[in-house]
């Protein structure tokens, strides 16, 4: 299973579980949706950071620190801003509609991960080894007999 497929299926599972949570009438009915949410959030989180590293590998200079910092900042921002705004959102539209809207956003975003199935790489002419900025040089030696 590719990283893009793990993230895409994780988003779909999150959407399904979010829709199932308001339907629960007993505490036991929440076990499966919450377990699915935990599993699917792990699928998305654990597959997106290596995917970011792969995209940096094939498209840009191999400087991973900045892209991992951007990804980690996005996760942290989501975990900080989400709970801060959710209280006001629940008061204005209700818990069920908030979960349905988040599920719809997950369903809408999931097809975009198909673009990560085979991302285009940079041309070989522009690769790090061949570029003028690279400190790596190819040296070819000729035999003295050939001269």
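Throughout, read-outs are computed from the coordinates displayed, never taken from laboratory work. For clarity, every value in this text was computed on a predicted model and none was experimentally measured. Cβ atoms come from the backbone with ideal geometry, glycine included; neighbour counts cover every protein chain shown.
If you line up the Cα atoms of the range 12-80 on their principal axes, what length do they span on each, largest first, in Å?
52, 23, 13
Taking the simple approach of a point 7 Å from Cα along Cα-to-Cβ for both residue 41 and residue 59, what is their distance in nm?
Rounded to a tenth, the inter-label distance reads 2.7 nm.
Residue separation times 0.36 nm, minus the C-alpha to C-alpha distance between residue 93 and residue 77: what's the value?
3.5 nm
Once the mean 1/r over all distinct Cα pairs of the range 3-126 is inverted, what Kirkwood radius in angstroms do you read off?
So the Kirkwood estimate lands at 16.3 Å.
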